[in-house]
Amino acid sequence: MRVAIAMAALAAGWVTPACAQDEADAGRWVVQQASTPDHRFRVWTFVSRDALAAADKVEVVHRATGVVVQHIDGIGGMGMHRAAETLLHVVDVNFDGHPDLSVAAGDGGAGPNNTDNFYLYDPRTRQYVFHEVLSSLTQVVINPDHSITSSSRGSCCSHLSETYRFVGGQLTLVASWEESLTADGAWIETTTGRLRGGKMRYQVKRRRPPAELSGR
């Protein structure tokens, strides 16, 4: 899903890839506003001529010594309308008491379908580890009740919301809601899912759409 959204956004001109930034800006380290008790962060940032900021890599700096303790490469973020010093955020994603990182990766434009790269702190190695599944989700929100929600919009008539929790250290889908207009425009289908007995169980309901959607 994330790749398709990103390609659509690029094609529509909503976002600019890091490789297409203004050649006059060869990139620079930008100290981020977010920090942890142990670490400060610098992001190698490209800023285009139309003020779109893109994150390319991160340096994790130990607060007490000023030594760079980790390099995070390969972010390749798309240019977006954000202040360069706010491309990285600190949040406890998996609720283990250790601050994790989210780095702005893509802005889906009208979707909005924005994406972030998530790096979870491993206290054993003292490194931030890329979480591929979480980073593939769009519009991620970390909630106070220890759930994580992701939502997306495929068009004016297609919407999706998913709820996840970390169960035994694994990101697990526990609920979903999807609503879309059928191809013939005759029905709005709503599909809800719940995790029960270790499996997702789904229920589909149909209703007639408003006249402006059905075209009748």
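The values are calculated or read from the model by the stated rules, or taken from the named source; none is laboratory data. Since this is a predicted model, take the numbers as computed values, not measurements. Virtual Cβ from ideal backbone geometry, glycine too; neighbours counted across all protein chains shown.
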Based on this model, can you work out whether D122 counts as among the charged types (D, E, K, R) and over 26 Å from T190 (Cβ atoms)? yes
Count of region 85-99 residues which are over 17 Å from the mean Cα position of the chain (by Cα) and outside any loop (DSSP other than H, G, I, E, B): 1
Extreme residue, surrounded by the fewest Cβ atoms within 10 Å (Cβ to Cβ), among residues of region 176-204 that are among the charged types (D, E, K, R) and under 18 Å from R153 (Cβ atoms): E189
Breaking point among (1) at pLDDT 95 or above; (2) small (G, A, S); (3) in the same structural domain as V90 (by TED's automatic domain parsing), for S150: (3)
List the number of the failed condition for V60; all other conditions in (1) more than 17 Å from the chain's Cα centre (by Cα); (2) in a loop (DSSP other than H, G, I, E, B); (3) of a type in the set (A, V, I, L, M) hold. (2)
Matching residues in region 111-163 - criterion: being surrounded by 19 or more Cβ atoms within 10 Å (Cβ to Cβ), touching a residue at least 40 places away in the same chain (Cβ under 8 Å) and closer than 15 Å to E178 by Cβ: N113, L137, T138, S152
Can you confirm whether M7 is modelled with pLDDT under 95 and surrounded by 14 or more Cβ atoms within 10 Å (Cβ to Cβ)? no
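Can T172 be described as in contact with a Lys or Arg (Cβ under 8 Å, 6 or more places away or on another chain), buried (at least 18 other Cβ atoms within 10 Å of the Cβ) and of a type in the set (S, T, N, Q)? Full working, then the answer.
Numbers: in contact with a Lys or Arg (Cβ under 8 Å, 6 or more places away or on another chain): yes; buried (at least 18 other Cβ atoms within 10 Å of the Cβ): no; of a type in the set (S, T, N, Q): yes.
No.
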Can you run down the residue pairs with Cβ atoms below 7 Å, 6 or more apart or on separate chains, where the first is in region 15-38 and on the phi > 0 side of the Ramachandran plot and the partner is modelled with pLDDT of 65 or more? G27/W44; G27/T45; G27/F46; G27/D56
Flag if L87 is of a type outside the set (S, T, N, Q) and either out of contact with any Leu (no Cβ under 9 Å at 6 or more places or on another chain) or surrounded by fewer than 18 Cβ atoms within 10 Å (Cβ to Cβ) (or both): yes
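Working only within region 33-84, note down all residues that are charged (D, E, K, R), at pLDDT 95 or above and exposed (fewer than 13 other Cβ atoms within 10 Å of the Cβ).
Within region 33-84, R63, D73 meet the criteria.
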Out of curiosity, is S102 within 21 Å of the chain's Cα centre (by Cα), of a type outside the set (D, E) and either more than 24 Å from E132 (Cβ to Cβ) or not assigned by TED's automatic domain parsing to the domain that holds R126 (or both)? no
